[in-house]
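For reference, the structure is listed below as structure tokens.
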Amino acid sequence: MSHTHDHDHDHHHPAGSAPQRHPFQPDDPPPTGHYQLMAVALRELLIEKGVLGADEIRAQIERMDARGPHLGAKVVAKAWSDPAYKARLLADGPKACAELGIELDGMRLTVVEDKPALHNLIVCTLCSCYPRALLGLPPAWYKSADYRKRAVREPRAVLKEFGTELAATTAVRVHDSTAELRYIVLPLRPAGTEGWSEEKLAGLVTRDTMIGVTLPKAG
Amino acid sequence: MTPAARLSVKRFKPGQAVRVRRAFPPGHIRTPIYIRGAAGVIERDCGDCVNAEERAFARSGLPALPLYRVRFRQQEIWPGYDGPDSDSIEIEIYANWLEPA
């Protein structure tokens, strides 16, 4: 079954229709919306007036697309390996990222550290604020109304659904990203990783561990 | 915000007890409804930030407002919260939404 659109939808079938049949997709794409048109018009005007070149726009898209969780993983692995770096990262996220050649373009990164009895979880209840400069595009579930509502109200139930069961003695701290700051979690370095290189450690650090819905595991 | 209200914006220190104003103004508000009226503690001062609630309407958002991270106890926020007393939530809140508690 192929979808030409990327939104989720329930399948409602008119009475009498075969329930297994997917609704027909229109042959032509839907008309361009107002904001899409305005974006295209703005881009064309900027190029026409010589403010920007088409190649500059393309290069910026390429730059944005190249960002992903591997950047955050590098930062976390460095913090696990170097206590002095960790202290600098917790004190000033953007500056510590710049040390590794990662420019956050003005994003005010705040790193929250897990402790043996403290687990951190990130959400944005108002929209879907996310540290894109460090983790790339957010996953669809992070933007869903369900996650945004439930992560603040019943974080332990949400964590359990991600396979993360915490001891009752571990406090859960939820961070609602409502204004200017963007967050990543610095998880605990897993046991059994003594002597690992930063590169090997970075392999354990996934997007979800930096949002705080799962814990990194050494094998 | 009126000029008089701007002058009354208070500075808070980490550890200080505060309460979020229980207000429901129209507009693009950055203080989530579930936290309005709640009592918490200042976790850190995030410095002065352009007021996003004003910027949303193409106004300057100046003068910049102090922004704070405030920590709340989950059991105080949600009736019947299913978790230990030590569970917490932290939110960034602009100074104009905070009062000393």
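The values are calculated or read from the model by the stated rules, or taken from the named source; none is laboratory data. In this text the structure is predicted, and so the values were computed from the model without any measurement. Here the Cβ positions follow ideal geometry from the backbone for every residue, glycine too, while neighbour counts run over all protein chains shown.
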Within segment B:63-81, of all residues that are within 25 Å of B:Pro26 (Cα to Cα), more than 13 Å from the chain's Cα centre (by Cα) and at the interface with another protein chain (Cβ under 10 Å from one of its Cβ atoms), the one surrounded by the most Cβ atoms within 10 Å (Cβ to Cβ) is B:Ile77
Note on segment A:65-95: residues within 16 Å of the chain's Cα centre (by Cα), small (Gly, Ala, Ser) and assigned to a helix (DSSP H, G or I) are A:Gly72, A:Ala73
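Yes/no matrix, rows are residues, columns are (1) of a type in the set (A, V, I, L, M); (2) farther than 17 Å from A:Cys129 by Cβ:
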site	(1), (2)
B:Phe24	no, yes
B:Ile29	yes, no
B:Arg36	no, yes
B:Gly40	no, yes
B:Cys46	no, no
B:Val50	yes, no
B:Phe57	no, yes
B:Ala64	yes, yes
Scanning segment A:96-138 residue by residue, the ones that are more than 19 Å from B:Arg69 (Cβ to Cβ) and among the basic types (Lys, Arg) total 1
Quick count over segment A:129-172, residues being in contact with a helix residue (DSSP H, G or I) (Cβ under 9 Å, 6 or more places away or on another chain) and basic (Lys, Arg), is 4
When (1) at pLDDT below 95; (2) at the interface with chain A (Cβ under 10 Å from one of its Cβ atoms) are applied to B:Ser60, the one that fails is (2)
| Yes or no: A:Ile57 modelled with pLDDT under 95 and loosely packed, with under 11 Cβ neighbours inside 10 Å? | no
Scanning segment A:178-219 for residues that are modelled with pLDDT of 95 or more and within 14 Å of chain B (Cβ to nearest Cβ), the one farthest from B:Cys46 (Cα to Cα) turns out to be A:Gly212
Residue hits (segment A:167-190; closer than 14 Å to A:Leu118 by Cβ and either crowded, with 17+ Cβ neighbours inside 10 Å or of a type in the set (Val, Ile, Thr) (or both)) are A:Thr169, A:Thr170, A:Ala171, A:Val172, A:Arg173, A:Val174, A:His175, A:Val185, A:Leu186, A:Pro187
Only one of A:Ala133, A:Ala151, A:Ala98 is outside any loop (DSSP other than H, G, I, E, B) and surrounded by fewer than 16 Cβ atoms within 10 Å (Cβ to Cβ), namely A:Ala98
Apart from one, (1) among the charged types (D, E, K, R); (2) outside any helix (DSSP H, G or I); (3) within 14 Å of chain B (Cβ to nearest Cβ); (4) free of Cβ contacts under 8 Å to residues at least 60 places away in the same chain all hold for A:Arg173; the odd one out is (4)
